[in-house]
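Comments concern the structure below.
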Amino acid sequence: MNSPPPPAAPAGRAPLARRLLPFLRWWPIDAATLRADAIAGISVALVLVPQSMAYAQLAGMPAYYGLYAGFLPVIIAALWGSSNQLATGPAAVCSILTAAALAPLASAGSEAFIAYAILLAFMVGAIQLALGLSRLGSVVSFLSHPVIVGFTSAAAIIIGLSQVNKLFGLPIGRGDFFLGDIAAMLRQLPEAHLPSIAMGGFAMGVIWACRRWLPRWPGVLVAVALTTAASAWLGFER
């Protein structure tokens, strides 16, 4: 005679646990998945470190704040995010918007500026959490395609032009008109820092060469590794 089956768990307990702790669905993790995730994580981290530091400077913050924004949100999104494909972390557009919103309130990099930036990040996070809990993500569908294309195209132009001063090693002001700041910076071209131009040109050359002859290689990652090694060897920060 067969023994009676064990009592079933109360209905809804397991689904509730998985809703509150969605990362439980990872288990058990097989070796192939762990190896692929480790390779992907290391590759992304090597690019994310210098990228997040650059985004922090773009926002007018000290570079190390970019590391906070680059790692903490990624950890939270990996554990509780609803998408395995959506990338989470600092973005150039958010950095530019942060700098533009806080520039009238305090000078970039000051203690007041940092405090305002932290408060702004908290407010934006609270609004996003409220929108998510209210399931109002569908509001984005009311934005027309031309508006989104115009916004992303303008952001790409601003991001590209905002890095020109880094390439030439020249200071750039923060006035009311971005193009005016770029024009004022370009008038200082005779004072450009030649080692900065050489380093930037070398990095772009490495990326172009990888795309041309080694398309399977991560060109940006190779450029970051080579320029970082060259900077340390040459004492470029001096």
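The values are calculated or read from the model by the stated rules, or taken from the named source; none is laboratory data. Because the structure is predicted, anything quoted here is derived from the model rather than measured. Virtual Cβ from ideal backbone geometry, glycine too; neighbours counted across all protein chains shown. Surface areas here come from the heavy atoms of the whole protein model, side chains and all, with no ligands, DNA or RNA. Shrake-Rupley method; radii C 1.70, N 1.55, O 1.52, S 1.80 Å.
Brief remarks follow.
- Backbone HN-Hα couplings from phi across the stretch 185-195 [Karplus 6.51/-1.76/1.60, Hz, Gly and Pro as x]: 5, 5, 5, 9, 3, x, 9, 4, 8, 4, x
- Cut-off 15 Å between beta-carbons: net charge of the residues surrounding residue 81, Lys and Arg +1, Asp and Glu -1: +2
- GNM flexibility winner over the chain from 31, 121, 63 (Cα, springs under 10 Å): 31
- Equivalent ellipsoid, the stretch 154-238 (semi-axes from 5 times Cα gyration tensor eigenvalues, Å): 27, 18, 10
- Largest to smallest principal axis extent of the C-alpha atoms in the chain, angstrom: 95, 42, 38
- Per residue accessible area of the chain, 1.4 Å probe, in Å²: 73
- In sequence order, the stretch 106-117 has phi-based couplings of 7, 6, 4, x, 6, 5, 5, 4, 5, 5, 5, 5 Hz under the Karplus curve 6.51 cos²θ - 1.76 cosθ + 1.60, θ = phi - 60°, and Gly or Pro positions carry x.
- Charged neighbours of residue 222, selected by a Cβ distance under 14 Å, balance to +3 (K, R count +1; D, E count -1).
- Comparing mean-square fluctuations of 224, 44, 206 from a GNM of the chain with C-alpha springs under 10 Å, the top value falls on 44.
- Think of it as helices only: each DSSP H run of n ≥ 4 in the chain is worth -39500 (n - 2.57), and spread over all residues that comes to -21500 deg cm²/dmol at 222 nm.
- Of the solvent-accessible surface of the chain, computed with a 1.4 Å probe and all protein chains present, 71% belongs to carbon and sulfur.
- For the stretch 58-116 and the stretch 125-151, distance of Cα centres in Å: 19
- Gaussian network model of the chain, springs between alpha carbon atoms under 10 Å - residue of 58, 143, 102 with greatest fluctuation: 143
- Part-to-part distance (alpha-carbon centres) for the stretch 214-238 and the stretch 153-197, which is given in Å: 22
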